[in-house]
Amino acid sequence: MHIKLFLLSLLVYMLSSIVHADEVSLKKTLSTYFPNEKIEVLKKMSSLQLYEVVVGNQLFYVDEKANYFFSGYLFDLKNEKNLTEERLQEIRGARRVDINSLPLEYAIKEVKGNGKRKLVIFSDPNCGYCKRLEKELLHINNVTIYTLLYPILNGSKEIAEAIWCSDNRLESWSNFMVNGVSPNGAGCATPIDTLLQIGKKHGFNSTPTIIFTNGTIIPGMISAEMIEKKLNEPTN
């Protein structure tokens with residue numbers, strides 16, 4: 001029995017040593033691509049044959065031999081999570097945004113019930129997850145929702161402009177996102193370019209991006225149950 005335990009321990013040690021050696025070798029290879037930068041994190045992703053690489057505030061991915069290197073967003077489709085954005089928030093220290101610093105005068109405002117609770121959403125009209133979020137919001141009451149049009153997908157800006165230029169922006173937005181009714185507004189000045197600049201300034205690279213009263217930023221679609229939980233968290 002003792003011999004089996006010893007052999008098992010030895011095998012675990014050998015495997016961990018191999019992984020460590022691979023990471024050392026990989027880090028050395030990557031250093032040639034970042035001669036003036038420190039590689040702060042090199043971490044193997046347990047569910048994929050990829051390594052996560054953090055240089056400054058940037059997140060990249062490489063294969064185990066550093067033959068392939070890519071930058072972009074990695075999504076967990078099953079759990080509807082933007083894994084890259086979540087990790088970036090962890091890396092950057094769980095940054096927060098004061099919702100009162102955002103241009104809420106340019107929002108499509110919806111007051112439900114007493115409207116005491118607040119949330120801000122950067123949303124793209126062509127974003128499938130944004131549409132699913134709108135359906136979840138139908139189950140939330142006693143909240144004021146500020147939707148900031150953030151058309152970052154191809155073909156979205158024209159739709160966002162038509163919604164903003166509609167006679168009733170909230171009705172136009174809801175009809176399009178929930179019922180698929182195309183907006184028909186046109187010919188007015190919009191704040192959309194300003195909103196795009198502000199969103200990029202804050203590093204909002206995906207939609208929806210939800211911001212709660214306490215400044216917490218949630219990238220991606222979440223359930224009505226999770227929204228309720230976040231709305232009820234302390235504001236300080």
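Values as computed for the structure displayed
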{"item": "Test: Asp98 is out of contact with any His (no Cβ under 7 Å at 6 or more places or on another chain), at pLDDT below 95 and more than 30 Å from Val53 (Cβ to Cβ)", "result": "yes"}
{"item": "Qualifying position, being within 25 Å of the chain's Cα centre (by Cα) and in a loop (DSSP other than H, G, I, E, B), among Ile152, Ile163", "result": "Ile152"}
{"item": "Scan of the stretch 201-215 for residues that are more than 20 Å from Cys130 (Cα to Cα), in contact (Cβ under 8 Å) with a residue 40 or more places away in the chain and not in a loop (DSSP other than H, G, I, E, B), ordered by number", "result": "none"}
{"item": "Residue in the stretch 71-79 that is open to solvent by less than 50 Å² (accessible area, probe 1.4 Å) and either modelled with pLDDT under 75 or β-branched (Val, Ile, Thr) (or both) present", "result": "no"}
{"item": "Residue identified as open to solvent by 20 Å² or more (accessible area, probe 1.4 Å), in contact (Cβ under 8 Å) with a residue 40 or more places away in the chain, closer than 17 Å to Leu137 by Cβ and among the aliphatic types (A, V, I, L, M) among Ile222, Ile218, Ile198", "result": "Ile222"}
{"item": "Count of the stretch 153-164 residues which are in contact with a Gly (Cβ under 9 Å, 6 or more places away or on another chain), under 25 Å from Asn100 (Cα atoms) and either of a type in the set (S, T, N, Q) or open to solvent by less than 60 Å² (accessible area, probe 1.4 Å) (or both)", "result": "2"}
{"item": "Test: residue in the stretch 16-39 that is in a strand (DSSP E or B), within 30 Å of Phe204 (Cβ to Cβ) and modelled with pLDDT of 70 or more", "result": "yes"}
{"item": "Test: residue in the stretch 118-140 that is surrounded by fewer than 19 Cβ atoms within 10 Å (Cβ to Cβ), touching a residue at least 24 places away in the same chain (Cβ under 8 Å) and in a strand (DSSP E or B)", "result": "yes"}
{"item": "Criterion: modelled with pLDDT of 95 or more, in a helix (DSSP H, G or I) and loosely packed, with under 15 Cβ neighbours inside 10 Å - qualifying residue of Glu105, Glu90", "result": "Glu105"}
{"item": "Hey, Phe212 aromatic (Phe, Trp, Tyr) and in contact with a Pro (Cβ under 8 Å, 6 or more places away or on another chain) or not", "result": "no"}
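The values are calculated or read from the model by the stated rules, or taken from the named source; none is laboratory data. Treat the numbers as computed from the prediction; the structure is a model and nothing was measured. All Cβ positions, glycine included, derive from the backbone under ideal geometry; neighbour counts span all protein chains shown. To get the accessible areas, we keep the full protein, side chains included, count just its heavy atoms, and leave off ligands, DNA and RNA. Shrake-Rupley method; radii C 1.70, N 1.55, O 1.52, S 1.80 Å.
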